[in-house]
2 protein chains.
Amino acid sequence: MITSFSNPLIKSIRKLSLHKERQKCGQFLVEGIKSVAEAIQVDAKIETLIIAPGLLVSGFGQSIVEQSQKKSIPIVEVSDEVFTAISNKDGPQGIAAIVHQNWTKLAQINPGSNEIWIALESIQNPGNLGTIMRTGEAIGAKGIFLLDQSTDPYDPTAVKASMGALFSLKLVKTEFKNFSAWVQEKKVPLIGSSDKVEQDYMTYQYPNPCILIMGSERQGLSVGYLKLCEQIVRIPMLGRSDSLNLAVATGIILYQIFNQRRGIDFPA
Amino acid sequence: MITSFSNPLIKSIRKLSLHKERQKCGQFLVEGIKSVAEAIQVDAKIETLIIAPGLLVSGFGQSIVEQSQKKSIPIVEVSDEVFTAISNKDGPQGIAAIVHQNWTKLAQINPGSNEIWIALESIQNPGNLGTIMRTGEAIGAKGIFLLDQSTDPYDPTAVKASMGALFSLKLVKTEFKNFSAWVQEKKVPLIGSSDKVEQDYMTYQYPNPCILIMGSERQGLSVGYLKLCEQIVRIPMLGRSDSLNLAVATGIILYQIFNQRRGIDFPA
């Protein structure tokens with residue numbers, strides 16, 4: 001059992017909170033029973049499972065350890081104090097995993113009928129990104145295009161907010177030039193969002209498949225992406241409001257697309 | 001101009017980040033052009049306006065200062081360095097205000113026809129609370145009941161996330177016993193949310209007026225509140241998802257209530 005904070009493995013785990021370190025090694029840290037269970041269920045490539053026996057008290061937690069043993073995943077035990085030091089949670093559950101990042105190349109994506117994808121232009125807040133991944137999983141989205149200067153889905157805050165959803169979504173990192181060429185080649189309709197258009201998000205018939213593209217928290221969608229859109233929709237707002245939180249706005253439109261797919265829709 | 005970090009006013013402003021200090025003095029700090037402008041527009045009781053002339057460069061910012069002068073609001077100038085130290089923003093805009101908290105007593109609330117209210121049981125995350133206030137303003141909600149051990153709407157993170165919306169909502173702090181007595185006396189229908197019921201949130205006709213009640217991030221609604229509800233609705237989810245982010249879930253149901261009010265609804 002590792003009890004020293006200066007153990008090389010513990011030091012390398014702590015470094016995974018830094019973007020440049022994650023980029024260098026292509027790994028990230030996932031924490032908590034639900035998220036680690038999801039990583040194992042989807043057969044994510046797990047480098048090491050880290051457990052603190054004193055903190056891992058639940059039966060479900062124990063069963064994850066057993067599953068990992070069956071899959072020959074290396075397991076390292078650490079003291080409760082060491083685990084708490086590497087933890088990003090208020091109540092550490094005593095289980096975490098070092099997992100290999102899993103990026104999909106843009107050229108490999110061919111959206112099939114009925115698929116819903118999400119594209120985010122320069123999203124800044126990792127909490128928003130994680131929350132959008134969580135909503136994306138709930139409506140059955142296939143994946144997320146992270147465009148231009150978007151934050152990292154493997155940032156600890158994004159991983160935490162995604163509640164394991166990042167394992168079930170394809171993640172594609174690209175920028176304007178390649179993405180616009182790909183959209184035009186594949187002819188997948190891009191649907192944008194803006195408060196400066198007339199089209200109500202509720203009375204529009206979303207195409208199959210489609211990509212919902214949302215702009216950054218501060219600036220919304222830039223002109224280049226707006227021009228790529230087949231349609232731009234608006235979420236109506238009352239009072240002095242001129243915008244919603246990005247994760248909320250994305251969730252509201254995604255659920256309307258999902259509601260249409262499941263046959264619940266306002267007749268236009 | 002205040003240039004010293006140990007100036008008594010600066011020290012008292014920094015203390016406003018602590019809950020117990022806010023409770024003692026009944027004030028809080030609001031920051032940024034949009035939020036301060038909203039405080040002035042709704043005639044919030046402003047104790048002091050704080051500006052850093054070197055940072056406050058926009059014309060709109062200048063016009064807020066002029067409005068404040070007309071309203072005889074005391075204005076204090078501070079150096080850019082001092083302002084940056086009291087700021088909670090990445091890019092400080094050089095304008096902030098010390099504002100009096102504005103609570104409404106439960107007994108004063110008589111929800112009128114068409115009104116939408118939000119109730120939150122022991123919401124923990126101030127960012128979620130601020131985001132819900134922001135969505136609440138956008139759909140024209142009248143106010144928020146903060147139940148039991150809910151976080152403080154005047155917490156800096158909540159204030160920031162609300163983007164000024166907290167000034168246009170009535171805020172009521174109460175707990176189960178008084179709230180349940182009030183609900184039964186006023187006969188205002190309470191609509192809850194849970195993943196354990198059959199009723200789809202989309203095919204339910206929300207009453208006028210109504211209160212949407214949401215549970216805490218970790219535990220959802222407790223049994224006592226569920227029993228108080230006229231109806232409990234469910235947001236459908238696919239895959240391994242069993243919950244959404246609280247602010248996203250609240251936003252999705254609020255928008256459905258709002259859509260019904262504005263005549264956009266799935267025919268049941």
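The values are calculated or read from the model by the stated rules, or taken from the named source; none is laboratory data. Nothing here was measured: the structure is a model prediction, and the numbers come from that model. Every residue, glycine among them, receives a Cβ derived from its backbone with ideal geometry; neighbour counts consider all protein chains shown.
Every residue, every condition in (1) touching a residue at least 60 places away in the same chain (Cβ under 8 Å); (2) out of contact with any helix residue (DSSP H, G or I) (no Cβ under 7 Å at 6 or more places or on another chain); (3) surrounded by fewer than 21 Cβ atoms within 10 Å (Cβ to Cβ), yes or no:
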residue	(1), (2), (3)
A:Gly192	no, no, no
A:Thr203	yes, yes, yes
A:Tyr206	no, no, no
A:Glu217	yes, no, yes
A:Cys229	no, yes, yes
A:Arg234	no, yes, yes
A:Asn245	yes, no, no
Members of the range B:252-268 that are at pLDDT 95 or above and over 20 Å from B:Asn114 (Cβ atoms): B:Ile252
Is there a residue in the range A:82-99 that is over 18 Å from A:Ser17 (Cα atoms), surrounded by fewer than 22 Cβ atoms within 10 Å (Cβ to Cβ) and of a type in the set (Lys, Arg)? no
What number of residues within the range B:164-204 satisfy the criterion of being within 14 Å of chain A (Cβ to nearest Cβ) and farther than 30 Å from B:Lys45 by Cα? 8
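For every residue, the table says whether it meets (1) within 22 Å of B:Met133 (Cβ to Cβ); (2) among the small types (Gly, Ala, Ser).
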{"position": "B:Leu16", "(1), (2)": "yes, no"}
{"position": "B:Gly26", "(1), (2)": "yes, yes"}
{"position": "B:Val30", "(1), (2)": "yes, no"}
{"position": "B:Ser58", "(1), (2)": "no, yes"}
{"position": "B:Ser72", "(1), (2)": "no, yes"}
List pairs: first residue in the range A:13-41 and more than 14 Å from every other protein chain (Cβ to nearest Cβ), second residue surrounded by 18 or more Cβ atoms within 10 Å (Cβ to Cβ) and of a type in the set (Gly, Ala, Ser) anywhere in the structure, Cβ distance under 7 angstrom, at least six positions apart or on different chains. A:Leu29/A:Ala96; A:Val30/A:Ala39; A:Val30/A:Ala96; A:Val30/A:Ala97; A:Glu31/A:Ser87; A:Glu31/A:Ala96
For A:Tyr154, the lone unmet condition from (1) in a loop (DSSP other than H, G, I, E, B); (2) within 28 Å of A:Pro236 (Cα to Cα) is (2)
Quick one: which residue in A:Lys160, A:Lys142 is in contact with a strand residue (DSSP E or B) (Cβ under 6 Å, 6 or more places away or on another chain) and assigned by TED's automatic domain parsing to the domain that holds A:Ile252? A:Lys142
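Looking at the range B:123-138 only, could you name the residues that are within 13 Å of chain A (Cβ to nearest Cβ) and either more than 21 Å from B:Ala37 (Cβ to Cβ) or modelled with pLDDT under 95 (or both)? Please lay out each step first, then the result.
Step one: list which residues in the range B:123-138 are within 13 Å of chain A (Cβ to nearest Cβ), which gives B:124-138.
Result: B:Gln124, B:Asn125, B:Pro126, B:Gly127, B:Asn128, B:Leu129, B:Ile132.
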Can you report the number of residues in the range A:206-225 which are within 14 Å of another protein chain (Cβ to nearest Cβ) and more than 19 Å from A:Trp182 (Cα to Cα)? 4
What's the number of the condition B:Ile86 fails, among (1) assigned by TED's automatic domain parsing to the domain that holds B:Ile191; (2) over 14 Å from the mean Cα position of the chain (by Cα)? (1)
Scanning for something touching a strand residue (DSSP E or B) at 6+ places or on another chain (Cβ under 6 Å), in a loop (DSSP other than H, G, I, E, B) and among the aliphatic types (A, V, I, L, M), does the range B:71-78 turn up at least one residue? yes
B:Asn88 passes all but one of the listed conditions (1) within 14 Å of chain A (Cβ to nearest Cβ); (2) part of a loop (DSSP other than H, G, I, E, B); (3) within 14 Å of B:Val30 (Cβ to Cβ); the exception is number (1)
If you go through the range B:45-63, how many residues are buried (at least 19 other Cβ atoms within 10 Å of the Cβ) and within 14 Å of chain A (Cβ to nearest Cβ)? 0
Inspect all residues belonging to the range A:156-163 and state whether any of them is surrounded by fewer than 24 Cβ atoms within 10 Å (Cβ to Cβ) and more than 14 Å from chain B (Cβ to nearest Cβ). yes
What's the total number of residues in the range A:11-39 that are more than 18 Å from A:Leu55 (Cβ to Cβ) and touching a strand residue (DSSP E or B) at 6+ places or on another chain (Cβ under 7 Å)? 6
Please indicate, with yes or no, whether at least one residue in the range A:102-111 is surrounded by 19 or more Cβ atoms within 10 Å (Cβ to Cβ) and either under 11 Å from the mean Cα position of the chain (by Cα) or part of a strand (DSSP E or B) (or both). no
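Taking the stated definitions as given, is A:Ser72 in contact (Cβ under 8 Å) with a residue 60 or more places away in the chain and loosely packed, with under 13 Cβ neighbours inside 10 Å? Let's see the steps before the verdict.
On the way: in contact (Cβ under 8 Å) with a residue 60 or more places away in the chain: no; loosely packed, with under 13 Cβ neighbours inside 10 Å: yes.
The answer is no for A:Ser72.
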Among residues of the range A:226-261, those that are within 7 Å of another protein chain (Cβ to nearest Cβ), farther than 17 Å from A:Met214 by Cβ and either of a type in the set (Phe, Trp, Tyr) or within 23 Å of the chain's Cα centre (by Cα) (or both), counted: 1
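Answer with yes or no whether B:Val172 is among the β-branched types (Val, Ile, Thr) and under 19 Å from the mean Cα position of the chain (by Cα). Let's see the steps before the verdict.
Details: among the β-branched types (Val, Ile, Thr): yes; under 19 Å from the mean Cα position of the chain (by Cα): yes.
The answer is yes for B:Val172.
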Leading residue by the ranking (farthest from A:Arg22 (Cα to Cα)) among those in the range A:135-145 that are surrounded by 23 or more Cβ atoms within 10 Å (Cβ to Cβ) and of a type outside the set (Asp, Glu): A:Ile139
B:Cys25 vs (1) at pLDDT 95 or above; (2) surrounded by fewer than 20 Cβ atoms within 10 Å (Cβ to Cβ); (3) closer than 21 Å to B:Lys70 by Cβ: all pass except (3)
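Taking the stated definitions as given, is A:Ala44 assigned to a loop (DSSP other than H, G, I, E, B), closer than 24 Å to A:Thr157 by Cβ, among the small types (Gly, Ala, Ser) and within 21 Å of the chain's Cα centre (by Cα)? Let's see the steps before the verdict.
Values: assigned to a loop (DSSP other than H, G, I, E, B): yes; closer than 24 Å to A:Thr157 by Cβ: yes; among the small types (Gly, Ala, Ser): yes; within 21 Å of the chain's Cα centre (by Cα): yes.
Judged against the criteria, A:Ala44 is a match.
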